[in-house]
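Taking it in order: structure first as structure tokens, then the write-up.
The values are calculated or read from the model by the stated rules, or taken from the named source; none is laboratory data. Computed from a predicted structure; not experimentally measured. Every residue, glycine as well, gets a Cβ built from its backbone with ideal geometry; the counts of neighbours run over all protein chains shown.
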Amino acid sequence: MSGWDGRGLVSTGWLADNLDDPALRVFDVTVHLRPASPGPYTIESGRADYEAGHIPGAAFLDLARDLSDPDSKLNFTHLPAARLAQALGTAGVGQGSRVVAYSTSTPMWATRFWWMLRAAGFDEAAVLDGGFARWTAEGRPTEAGTRSYPAASLALTDRPVAWADKAAVLAAIGDGGVCTINALAPSVHSGESSTNYGRKGHIKGSANVPYAALTDGTGRYRSDDDLRALFEAVGAFGKPRAICYCGGGISATMDALALTRLGHPSVAVYDGSMSEWVRDPELPMETGA
């Protein structure tokens, strides 16, 4: 992980060496999900974390407020490409920009942002492997306060194959050409956990590759060989299409990044995920591993 290889991740060393690049745009995209009753969570912006300390020159982007569809009944629904382009242009991303995203908490917020850009046809983006925790653990510099980039012009075009809707996920049940993958914890997948989204278990026929299994103890992604073994164990590379889901389309993007990085030919994220699926009692679910 020493350079920009176009496969979704960059190292802290690469970022440190390129912070002065005028085309580079670095964003803290932290969100916190706080336990709530009724649950499963409330959404809290990570802006306070950012203002307390961030990578020098980095700006903050609020995924929930500024980069999610306010007209959706679900949290974090992605914006269409044209609206995303407008929001990113305001934040300083233009043609010729390179974007690096990181989080002060779980990397799933950075992978979510990365997937949104990829799904809108913007390929010059990457996730900081290990995030802010690794950056600070290495003793690299930080600064407090806020930063921003000059507004820019950006045009994007949706890649519809990058997203799956409820109908596509339903059609995938029993389809030998699609591997549907749940990124939630094994106990949530099996239905044994008290945490659920209104119905216990998982989408019928889906396999489990929990997002937490994709990273090592420092928050960095595991080796490509380790990642491939996890997905081969559920048959993901034996099928031409993979659909990743979770609770709300966030941690699923960690699986989607890994699969894309490993060269899977067709990967999608079910944006509504369990938050949408459980609302329809007719949609099939099952418990157990």
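Annotations
- Checking each residue in the stretch 25-69 for being of a type in the set (A, V, I, L, M), without any contact (Cβ under 8 Å) to a residue 24 or more places away in the chain and surrounded by 14 or more Cβ atoms within 10 Å (Cβ to Cβ) picks out only LEU33.
- Test: residue in the stretch 163-184 that is assigned by TED's automatic domain parsing to the domain that holds GLU282 and of a type in the set (Lys, Arg): yes
- For the stretch 245-255, the condition holds for at least one residue, the condition being that it is on the phi < 0 side of the Ramachandran plot, among the polar types (S, T, N, Q), in a helix (DSSP H, G or I) and touching a residue at least 40 places away in the same chain (Cβ under 8 Å).
- GLY219 being surrounded by fewer than 19 Cβ atoms within 10 Å (Cβ to Cβ), closer than 20 Å to TYR102 by Cα and in contact (Cβ under 8 Å) with a residue 40 or more places away in the chain: yes
- Annotation note: of LEU88, LEU184, LEU154, LEU84, the sole residue that is within 14 Å of the chain's Cα centre (by Cα) and either over 29 Å from VAL209 (Cα atoms) or touching a residue at least 40 places away in the same chain (Cβ under 8 Å) (or both) is LEU184.
- Enumeration of residues in the stretch 196-223 that are of a type outside the set (Gly, Ala, Ser) and within 16 Å of TYR245 (Cα to Cα): ASN196, TYR197, ARG199, LYS200, HIS202, ILE203, LYS204, ASN208, VAL209, PRO210, TYR211, LEU214
- Qualifying positions in the stretch 250-266 - touching a Phe, Trp or Tyr at 6+ places or on another chain (Cβ under 6 Å) and of a type in the set (Gly, Ala, Ser): SER251, ALA252, ALA256
- Picking from residues in the stretch 70-89 that are in contact with a Gly (Cβ under 9 Å, 6 or more places away or on another chain) and in a helix (DSSP H, G or I), the one that is surrounded by the fewest Cβ atoms within 10 Å (Cβ to Cβ) is ALA81.
- Candidates ARG112, ARG134, filtered to the one that is assigned to a helix (DSSP H, G or I) and within 16 Å of PHE60 (Cβ to Cβ): ARG112
- Checked against the criterion of being among the small types (Gly, Ala, Ser) and free of Cβ contacts under 8 Å to residues at least 24 places away in the same chain, the candidates SER11, SER72 yield just one match: SER72.
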